[in-house]
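Data block below; observations after.
The values are calculated or read from the model by the stated rules, or taken from the named source; none is laboratory data. Because the structure is a prediction, the values reported are computed rather than measured. We place every Cβ from the backbone using ideal geometry, glycine too, and count neighbours over all the protein chains shown. Ligands, DNA and RNA are stripped out before the accessible areas are found, and what is left, the full protein with its side chains, is counted by its heavy atoms. Shrake-Rupley method; radii C 1.70, N 1.55, O 1.52, S 1.80 Å.
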Amino acid sequence: MNRAAWLRTAAIVTCLAGWSAAPAPARAAANPFQAASTLPFQAPRFDLIHDGDYQPAFLLGMKAQRAEIQAIARNPAAPTFDNTIAAMERSGRMLDRVSETFAGVYQANTNPTLDKVQAAVAPLLAQHQDAIYLDPRLFARVQSLYAARATLKLDGEQAQLLEVYHQQFVHAGAQLSDADKVTLRHLNTRLSTLETLFQQKLLTATKAGALVVSDKAALAGLDPAAIDAAASAAQGRGLTGKWVLPLQNTTQQPALQTLENRDTRKALFTNSWLRAERGDAGDTRATIAELAQLRAQKAALLGYPDYASYVLYDQMARTPDAVQHFIAQLVPATLAEQKREVADIQSAIRKDGKDFQPEPWDWQLYAEQVRKARYDLDQDQVKPYFELDTVLRDGVFFAANQLYGISFKERKDIPVYNPDVRVFEVSDKDGSPLALVYFDYFKRDNKNGGAWMSNFVGQSHLLGTKPVVYNVANFTKPAAGQPALISFEDVTTMFHEFGHALHGMFADQTYPTLSGTAVARDFVEFPSQFNEHWALDPIVFAHYAKHYQTGAPMPQALVDKIKKAARFNQGYALGEIITAAKLDMNWHTIKPAAPQQDVDRFEAASMDRMGLDTKDVPTRYRSSYFLHIWANGYAAGYYAYLWTEMLDDAAFAWFRAHGGLTRENGQKFRDMILSRGHTQDYGPMFRAFYGKDPDITPMLRHRGLIPGDE
Ligand SMILES: [Zn+2]
């Protein structure tokens, strides 16, 4: 998942008692964010919200929360948990409503107006956060409660909340001198501006980087549906008679798996590789060099040796050393596998009657040929068994029903921000209303790349709110009237994002700051990656993988091939992620005194030190288009995908050892992990479920890098 950094911080300071009574409701066109939505589950009023409503709502929402926070800070009564900590949790309701709705729409369905709102509001939100966390009177109240915490008779969740608030204040600079606080405010404002700038440049770069093809012959190898999609993508851009291959946000592009023309492959790969390094409006290099330098300076100001140390303080891993040690353990088995795979690719090229050395734009095509030779598995053979709607209902929903007893009903009456979006109401095991979940699966030019989940409304008993969550992806939209036949990778993405949705929907917290997916980055991908495992569970798979025309189940031989093929090319797959994770760590362990880096030179030096084959296996994201770390809150956090893989493989091994897909197992996982939010530290939470600490063995086994059943 990826979530805007400021969305997470906005969720920290939720908000305001009595705001709805403040302005007279007599004015004709009240801002739709002013009061809680009256729709079921307080779903956003996409039927009433106009683009012009966001910016005023942000300003009003910040103003309202500032007043609430002032009242808490100036309260003449001695600090209590309720008049300070719980009061902060109750504050900022309007700001929450607009932040959460805007973040969802901005990331999935932006336009020039929303871009301007984001650019204008992001630095104001950063200042707003600072005004709260750098208010000395407020910190004095938190500090005095923290000092007296042993005598306050707090329950477990309250004690954790006080701990988290205290940490956040200290982490945000509450203990700095006044002069240093001014410096910090300037740094935060500039950082926020740069993050927004990066995101907007990258969207421009990615759109401009699409490969335009004038000669259909250059697309040889693509299936007819992909060629049709390329033709309609061209039409959408006013390029009738041509074909357009839009860029995905990763280095490698899906079409490279089948494009037979080497020049086309090279052109598509090069467009991807250089998308944000063209010296034009989409060039991000100056932005990220400044971001990295200012982040290091911010860490130094707050007493940390580097930005990674600053970020990791509240993560499960805790320190950059722990991360580097974890990654180092993965390198030897990965490198050994990469060497075997390069030899396979080279011999596939020879078998094809060619004599060139493999380049990165050749890898996907020849890996697919090796895969076919070895497993006889062709994407075109499997896609007819993965019709999106069937996968959703009979796979994703079915697995959740078997494990957790929950059920789903489509709600066509809930307004959406784009006609592609679908909404379902989720009922708990006893039939009571649990949540709303939105799905926005198809790629659009105005949508960020990748896939993610977040909340339109967060769960909180204090605020009386139930979860409203959404899943977004970038699957190829079929031509009108055609079924959406997706790859197994897309199927896995659906299960993944739905795992996040479950974590959000099962939230059972009093306080919004600790609720649901508001957990550490190196824990938040654990429920989602865990949920991926059910895609290949024999019972679940048989239930959804049916031919879209005949309804026939997938032949067992093909199922076996998919399972075997899931372990194919893992030197590449793991390598490109390790490389990105280390690149991220390298950018965020730059010393504060270091000069601004030359991005290309820094990246090249990082690649040289990887201990992996980075020539044949290029990084999954280059620095210049690494959205996760520059704008989406994953700075010094990309390793989290690997760390949580260690957790999910261990947890799934536990399920297998205890009978697999059962209500009992699901209930235990819901009770001990999915419903816990951040009410506990992650190490003890995991140990309580699993019985011991995780290690990398189940993970390496699952990837087939060491022998044995996962
Ligand atoms: Zn995720």
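Here is how the numbers come out for the structure above:
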{"quantity": "Dipole magnitude (debye, nearest 20) for the chain, charges at Cβ of Lys, Arg, Asp, Glu", "calculated": "800 debye"}
{"quantity": "Förster-model FRET efficiency, 35 Å R0, ASP413 and ALA542, C-beta, rounded to 0.05", "calculated": "0.55"}
{"quantity": "Within the chain, helix-based [θ] at 222 nm, where runs of 4 or more DSSP H residues each add -39,500 (n - 2.57), nearest 500", "calculated": "-16000 deg cm²/dmol"}
{"quantity": "Cβ-Cβ FRET estimate between ASP378 and LEU274, R0 fixed at 30 Å, reported to 0.05", "calculated": "0.45"}
{"quantity": "Largest to smallest accessible area among ARG275, ARG609, ARG521 [probe 1.4 Å]", "calculated": "ARG609, ARG521, ARG275"}
{"quantity": "Zone residues, segment 618-645, relative to LYS443, backbone N less than 19 Å from point 7 Å out along Cα-to-Cβ", "calculated": "620-622, 625-628"}
{"quantity": "Distant-in-sequence amide H partners of LEU222 (H built 1.01 Å from N, under 5 Å)", "calculated": "GLU260"}
{"quantity": "Karplus (6.51, -1.76, 1.60) ³J(HN,Hα), θ = phi - 60°, over segment 530-547, in Hz, Gly and Pro reported as x", "calculated": "4, 5, 4, 4, 6, 4, 9, 4, x, 5, 5, 4, 4, 7, 10, 7, 10, 4"}
{"quantity": "Segment 203-289 - Rg (one decimal) and Dmax (whole number), Cα, Å", "calculated": "13.2, 43"}
{"quantity": "Distance violations [Cα-Cα > 30 Å] among LYS298/LYS582; LYS351/LYS546; LYS216/LYS339; LYS409/LYS546", "calculated": "LYS351/LYS546; LYS216/LYS339"}
{"quantity": "Under the Karplus curve 6.51 cos²θ - 1.76 cosθ + 1.60, θ = phi - 60°, whole-Hz ³J(HN,Hα) for segment 623-636, x wherever Gly or Pro sits", "calculated": "3, 6, 10, 8, 4, 3, 8, 9, 9, 10, x, 9, 4, 6"}
{"quantity": "Proximal lysines relative to LYS477, as straight alpha-carbon distance under 18 Å, when same-chain residues fewer than 8 apart are discounted", "calculated": "LYS207, LYS383, LYS443, LYS447"}
{"quantity": "Dipole of the chain [Lys/Arg +1, Asp/Glu -1 at C-beta], most positive-end residue of MET554, VAL519, ILE49", "calculated": "ILE49"}
{"quantity": "Within straight-line cross-link reach of LYS692, lysines at Cα separation under 21 Å, skipping those fewer than 8 residues along the same chain", "calculated": "LYS668"}
{"quantity": "Amide H within-cut-off set for VAL457, under 5 Å, with H built and near neighbours excluded", "calculated": "VAL468"}
{"quantity": "Antiparallel bridges, percent of DSSP beta bridges restricted to the chain (to nearest 5)", "calculated": "75 percent"}
{"quantity": "Per-selection Kirkwood Rh - segment 557-688 (Cα, Å, 1 d.p.)", "calculated": "17.8 Å"}
{"quantity": "Full-extension gain in nm, GLN248 to ARG567, via 0.36 nm per residue minus C-alpha separation", "calculated": "112.5 nm"}
{"quantity": "ALA119 versus GLN70: modelled label distance in nm, points set 7 Å from Cα along the beta carbon direction", "calculated": "3.1 nm"}
{"quantity": "Check: segment 459-610 dipole with +1 on Lys, Arg Cβ and -1 on Asp, Glu Cβ, in debye", "calculated": "240 debye"}
{"quantity": "Extended-chain gain in nm, criterion 0.36 nm per residue less alpha-carbon gap, ASP51 and LYS339", "calculated": "98.4 nm"}
{"quantity": "Rg and Dmax of the chain, Cα atoms only, in Å", "calculated": "25.1, 84"}
{"quantity": "Most to least accessible of LYS201, LYS242, LYS429, LYS409 (protein chains only, probe 1.4 Å)", "calculated": "LYS409, LYS429, LYS242, LYS201"}
{"quantity": "Separation in nanometres of the label points that stand 7 Å from Cα toward Cβ, at ARG687 and ALA594", "calculated": "3.5 nm"}
{"quantity": "Tilt relative to the chain, helix 156-171 - C-alpha long axis, 0 to 90 degrees, to 10", "calculated": "90 degrees"}
{"quantity": "Separation in nanometres of the label points that stand 7 Å from Cα toward Cβ, at ALA179 and ALA140", "calculated": "2.3 nm"}
{"quantity": "Computed FRET value (nearest 0.05) for ASP508 with ALA150, which takes r as the C-beta separation and R₀ as 35 Å", "calculated": "0.85"}
{"quantity": "Percent accessible area from carbon and sulfur atoms, the chain, protein chains only, probe 1.4 Å", "calculated": "53 percent"}
{"quantity": "Amide hydrogen neighbours beyond the local backbone of PHE408, cut-off 5 Å, H modeled", "calculated": "SER427"}
{"quantity": "Range of Cα positions in segment 501-605 per principal axis (Å), largest first", "calculated": "64, 45, 21"}
{"quantity": "Spatially proximal aspartates and glutamates relative to LYS63 (Cα-Cα < 15 Å; intrachain offsets below 8 disregarded)", "calculated": "ASP96, ASP130"}
{"quantity": "Dipole in debye (nearest 20) - segment 312-394, about Cα centre, beta carbon charges: Lys, Arg +1; Asp, Glu -1", "calculated": "300 debye"}
{"quantity": "Isotropically averaged projected area of segment 131-248, using the convex hull of Cα atoms (one quarter of hull area), nm²", "calculated": "13.0 nm²"}
{"quantity": "For the chain: accessible area per residue (Å², 1.4 Å)", "calculated": "38 Å²"}
